[in-house]
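Chemist: Take a look at this one; I'll ask things after.
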Amino acid sequence: SVTLKCEVEHPSAGWRFYWYKTVPKLSDRLYRYELLPGSDSGTEEDSYMVHGQTHTAGYVCRAGRGEPVFYTEHSKPTFVWSGDFPPSASLTVSPDRVQHFTSDSVSLSCEGNSTEWRVRRFPEDSYLSLCSDWGTMTGSTCNISGLNSSAVYWCESGSGQFTNSVNITGHNMILMSPVHPVTEGQSVSLGCRLKTGQKLSNNVFFYQNDKLLQNDTRVELIISAVSKSHEGFYKCQHSGKESPQSWMTVKISDYNIIFILIVSAGHEIFPWSLIVGLVCGREIFVFLI
């Protein structure tokens, strides 16, 4: 759950608060606003809880009081970012990693049930902008030449959808780590590189949440089967230099339920009529009814 809070510049009694979600308008750089459930008449409280927040979304608020109602202007949009892929829209990054060199060329591709897309960026200076301000938009792909700052990127579609969000940073020494969440049980390899593109061959140390992971000087860190305990901040160190840290998200594997119906041709041949199998990771449970 996510709690939104709205503030009036000069607080006083009598204000009611109205809450909206943002819907992209590709005809301009802005959004249209749709009221959130329960805020048609406003709320007395200056906070609003969004339950079950799973995907990237934008929110705005405004206040009103009096009869007839005098409304303030809308607030600036505030975003909640998620790395999870919505079912109908996604953003992919090439090269597929979080950290890049400042001179790198990076492509951000939008995919989903839409023919029109735009790519948004929210950098450390908090100035919301479009791909056309700092890159080149070709079809549904935004191409960037050089990364001057760290920022969050996501796609918005003409049908009003938001994709997953990705955090991309530019540096002179980088940790090679996956940009998207990884699923439990998958294999993950982390590496360390200098701006020259050279992959370091010795004296590389890897840290998780500032804790040294090994005492030897392995070239890369390989996790053969990722678990939830591997989630956290990672960084690498070489010859006194240190990469920035990047967060690695680990998703719990989904449950798949398989129903197999066997039509009986006679009790002598098939003494059961239904088999239900629950598959979870590497375990299979079979129930005979």
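The values are calculated or read from the model by the stated rules, or taken from the named source; none is laboratory data. Everything numeric here is computed off the predicted structure, so don't read it as measured data. Using ideal geometry, Cβ is built from the backbone for each residue, glycine included, and neighbour counts are taken over all protein chains shown. Heavy atoms of the whole protein, side chains included, go into the accessibility calculation; ligands, DNA and RNA do not. Shrake-Rupley method; radii C 1.70, N 1.55, O 1.52, S 1.80 Å.
Chemist: Which residues, counting only those in the range 20-35, are aliphatic (A, V, I, L, M), over 12 Å from Arg62 (Cα atoms) and open to solvent by 20 Å² or more (accessible area, probe 1.4 Å)?
Modeler: Leu26, Leu30
Chemist: Sticking with this structure for a sec: Could you check, for the range 194-210, whether at least one of its residues is modelled with pLDDT under 85, in contact with a Cys (Cβ under 8 Å, 6 or more places away or on another chain) and surrounded by fewer than 16 Cβ atoms within 10 Å (Cβ to Cβ)?
Modeler: yes
Chemist: Which members of the range 211-251 meet the condition of being within 18 Å of Ser187 (Cα to Cα), at pLDDT 90 or above and part of a loop (DSSP other than H, G, I, E, B)?
Modeler: If the condition is that a residue be within 18 Å of Ser187 (Cα to Cα), at pLDDT 90 or above and part of a loop (DSSP other than H, G, I, E, B), then Ser224, Ala225, Val226, Ser227, Glu231, Thr249 are the ones that fit.
Chemist: I'd like to verify a number: residues in the range 43-57 that are open to solvent by less than 90 Å² (accessible area, probe 1.4 Å) and either aliphatic (A, V, I, L, M) or modelled with pLDDT under 95 (or both), how many?
Modeler: 7
Chemist: Then there's this: Within the range 100-119, is there a residue that is touching a helix residue (DSSP H, G or I) at 6+ places or on another chain (Cβ under 9 Å), surrounded by 14 or more Cβ atoms within 10 Å (Cβ to Cβ) and of a type outside the set (A, V, I, L, M, F, W, C)?
Modeler: Within the range 100-119 (the criterion being touching a helix residue (DSSP H, G or I) at 6+ places or on another chain (Cβ under 9 Å), surrounded by 14 or more Cβ atoms within 10 Å (Cβ to Cβ) and of a type outside the set (A, V, I, L, M, F, W, C)), the answer is yes, since at least one residue qualifies.
Chemist: Run Arg62 past the list (1) outside any strand (DSSP E or B); (2) at pLDDT 95 or above; (3) open to solvent by less than 80 Å² (accessible area, probe 1.4 Å) and report the number of the one that doesn't hold.
Modeler: So the condition that Arg62 fails would be (1).
Chemist: From the set of residues in the range 131-162 that are hydrophobic (A, V, I, L, M, F, W, C) and open to solvent by less than 20 Å² (accessible area, probe 1.4 Å), which is farthest from Pro87 (Cα to Cα)?
Modeler: Taking the candidates together, the pick is Leu147.
Chemist: Now a separate question. Could you figure out which of (1) farther than 20 Å from Thr169 by Cβ; (2) not in a loop (DSSP other than H, G, I, E, B) isn't true of Thr115?
Modeler: Checking Thr115 against (1) farther than 20 Å from Thr169 by Cβ; (2) not in a loop (DSSP other than H, G, I, E, B), the one that fails is (2).
Chemist: Please give the number of the condition Val182 fails out of (1) within 18 Å of Pro95 (Cβ to Cβ); (2) open to solvent by 20 Å² or more (accessible area, probe 1.4 Å).
Modeler: (2)
Chemist: Given the criteria closer than 15 Å to Ser107 by Cα, open to solvent by 30 Å² or more (accessible area, probe 1.4 Å), hydroxyl-bearing (Ser, Thr, Tyr) and outside any loop (DSSP other than H, G, I, E, B), does Ser165 qualify?
Modeler: no
Chemist: Which residues, taken from the range 78-99, are outside any strand (DSSP E or B) and either modelled with pLDDT of 90 or more or of a type outside the set (Asp, Glu) (or both)?
Modeler: Scanning the range 78-99 gives Trp81, Ser82, Gly83, Phe85, Pro86, Pro87, Ser88, Pro95, Arg97, Val98.
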